[in-house]
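Contents: one structure, followed by commentary.
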Amino acid sequence: MLTQWPEPGVKVKIGRLVTYVVAIGNIPVRIPNLVGLNFDQAEKIILAKGLLVGKIEQEGANGQEEIIQSYKIIEQSPAPETMVKSQSPVDVVLEKKGSEPDQQGEN
């Protein structure tokens with residue numbers, strides 16, 4: 001829905017005409033900058049903008065690694081600020097899974 005009249009929150013009498021304007025077809029959406037966000041945050045933003053989560057890759061992955069919601073996004077396509085139609089997919093590349101920190105001082 002793009003707009004309505006009377007505006008949301010206005011009380012009206014029962015039976016009064018309320019007009020809605022809805023979008024038919026795809027409307028332009030600006031791609032947000034997702035680089036640096038964790039996947040969970042980025043997914044919420046993508047969906048809130050009316051876009052779809054596209055291909056998800058992990059840097060250096062061999063296809064066996066699990067995608068972790070907290071991994072940060074290091075690349076995205078389309079690029080930030082690109083105008084696309086709603087329901088367009090946004091592909092992301094997640095950071096390479098880090099190794100456990102070394103335990104120093106242990107023998």
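Any read-out appearing in this document is the output of simple, stated calculations on the displayed coordinates, not a laboratory observation. These numbers come from a predicted model, not from an experiment.
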Roughly speaking, what is the stretch gain from ALA79 to VAL12, that is 0.36 nm per residue apart minus the C-alpha to C-alpha distance, in nm to one decimal?
-> 19.7 nm
Given the pairs LYS11/LYS44; LYS11/LYS49; LYS13/LYS49; LYS55/LYS96, which are separated by over 22 angstrom at their Cα positions?
-> LYS11/LYS44; LYS11/LYS49; LYS13/LYS49
Report, in cubic angstrom per residue, the convex hull volume of the C-alpha atoms of segment 27-94.
-> 67
